[in-house]
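Below is one structure, written out as structure tokens; comments come after it.
The values are calculated or read from the model by the stated rules, or taken from the named source; none is laboratory data. Computed from a predicted structure; not experimentally measured. Cβ placement follows ideal geometry from the backbone for every residue including glycine, while neighbour counts extend to all protein chains displayed. Accessible surface areas use protein heavy atoms only, side chains included; no ligands, DNA or RNA. Shrake-Rupley method; radii C 1.70, N 1.55, O 1.52, S 1.80 Å.
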Amino acid sequence: MLLLTLGTAAGGGVPQWNCACPGCSGARTHPSRRRSHDSIAVLGPDPSSWFLVNAGPDVADHLEAHTRLRPGPGEGRTPVVRVLLTDAELDHTIGLLRLREARHVEIHATAPVRQALRERLALDTVLAPYTTLTWHDLPATDQSPSVVAGIEVSAVHLSSKRPRYAADAPAQGAWVVAARLHDPSHGTTALYAPALAEWSEGFGKAVAGSDCVFVDGTFWDDEEPRRMGISTRTSTDMGHLPIHGSEGTAGRLASMSARCLYTHFNNTNPLVDPSAPEHGTLAGLGLEVAQDGMVIEL
Ligand code: MLT
Ligand code: MN
Ligand code: ZN
């Protein structure tokens with residue numbers, strides 16, 4: 001399978017429209033530092049058949065930016081678009097509204113995510129005059145996987161963190177998952193986990209069984225959101241394990257054999273500056289910083 005990293009930023013992107021922090025200002029001065037909202041495209045054995053993992057505000061620009069994802073050849077339109085969701089957060093889902101020109105939108109998500117999008121965001125009602133939404137369950141990894149574009153997909157339950165617009169919804173269930181992507185024709189597996197609130201045994205096992213893993217890189221260290229003045233909460237309190245520090249994910253990922261890439265960078269993260277010394281720290285551990293527009297073959 002081929003993985004295309006369409007975007008690698010957390011909610012707001014880099015730069016964020018209302019922010020002049022060093023990361024956002026740096027991206028205005030150096031356009032190569034810009035990052036769009038995190039998402040990947042997955043291409044299976046038939047490269048004309050693909051799906052997205054998450055659909056954020058940049059989704060139509062993502063599809064336009066990659067020749068493999070454009071319609072054609074000929075004058076036809078892309079009739080069906082398939083999207084797998086890791087959670088119901090706005091930065092991963094409001095792109096569904098931008099996909100309304102498709103005839104059908106096939107959505108694979110866990111029960112609480114489907115319920116939030118259908119009942120809280122009323123996506124069926126709003127999009128009914130434009131397109132047809134078809135909702136599919138995204139099974140847990142101990143169930144039979146769904147097959148999308150020739151890839152077996154399933155969900156590793158990560159946390160029950162609800163989006164702020166659904167804060168009063170029941171706190172049980174698979175609100176946030178890692179997408180497990182298995183290519184049966186090559187025997188390869190990828191894991192996509194842009195929001196990791198805690199390192200569970202199940203997640204550790206899923207990483208150990210993968211060839212390539214994308215992990216939550218929202219914040220460099222636990223104090224970053226408070227130090228940068230964007231929140232009164234720590235990174236962990238916000239549902240994002242930091243990269244660095246005693247509870248950081250870097251130490252655990254460094255011992256794994258999978259290729260590990262961080263994604264979902266907040267604009268306050270020092271890694272959005274390519275000259276930051278933190279890049280050397282990660283490189284020394286054999287860990288990578290994902291960039292928009294990477295092509296990974298597994
Ligand atoms: C998150 O990753 O924690 C959310 O996307 C934050 C948000 O934008 O509401
Ligand atoms: Mn997010
Ligand atoms: Zn900023």
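Could you sort 63-69, 125-131 so that the peptide with the highest average Cβ count within 10 Å comes first and the rest follow in order?
Working: 63-69: 14.4, 125-131: 12.1.
Ranked from most to least packed, the peptides come out as 63-69, 125-131.
For the chain, what does the relative contact order come out to in percent, with C-alpha contacts under 8 Å and a separation of six or more?
Details: 677 pairs, mean separation 58.4, N = 298.
It rounds to 20 percent for the chain.
Peptides 183-192, 50-59, 73-82, 88-97: what's the order by average Cβ count within 10 Å, highest mean first? Walk me through the numbers before you get to the answer.
Values: 183-192: 17.7, 50-59: 24.1, 73-82: 11.6, 88-97: 22.3.
Put in order of decreasing packing, that is 50-59, 88-97, 183-192, 73-82.
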(request) Provide the FRET efficiency to the nearest 0.05 for the ALA111-HIS30 pair, computing r from the beta carbons and using R0 = 45 Å. (result) 0.60
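Where both residues lie in segment 2-297, what percent of DSSP beta bridges are antiparallel, nearest 5? Please list the in-between numbers first.
On the way: 28 of 55 bridges.
If I count the DSSP bridges inside segment 2-297, around 50 percent turn out antiparallel.
What number, rounded to the nearest 500 deg cm²/dmol, is the helix-based mean residue ellipticity at 222 nm of the chain, given -39500 (n - 2.57) per DSSP H run of at least four residues and division by all its residues? Write out the running numbers ahead of the final one.
Working: 10 runs with 58 residues, N = 298.
It lands at -4500 deg cm²/dmol.
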(request) Take the Cα pairs of segment 2-297, get the Kirkwood Rh, then feed it into Stokes-Einstein at 10 °C and 1.306 mPa s and tell me D in µm²/s. (result) 83 µm²/s
(request) Identify, among PRO47, PRO184, LEU99, the residue whose Cα sits farthest towards the positive end of the charge dipole of the chain, taking +1 on the Cβ of Lys and Arg and -1 on the Cβ of Asp and Glu, with the dipole about the Cα centre. (result) LEU99
(message) Tell me the accessible surface of LYS161 in square angstrom (1.4 angstrom probe, heavy atoms of protein chains only), to the nearest ten.
(response) 70 Å²
(request) Please work through the chain and write down the cysteines that have no neighbouring cysteine Cβ at a distance under 4.7 Å. (result) CYS21, CYS212, CYS260
(message) How big is the dipole moment of the chain about its Cα centre under a simple scheme where the beta carbon of each Lys and Arg is +1, that of each Asp and Glu is -1, and everything else is neutral? Debye, nearest 20, please.
(response) 520 debye
(request) Compute the accessible area per residue over segment 2-297, keeping the other protein chains in place, probe 1.4 Å, unit Å². (result) 44 Å²
(request) Once you've got the GNM for the chain with C-alpha springs shorter than 10 Å, pick whichever of PRO31, PRO242, PRO163 has the biggest mean-square fluctuation. (result) PRO31
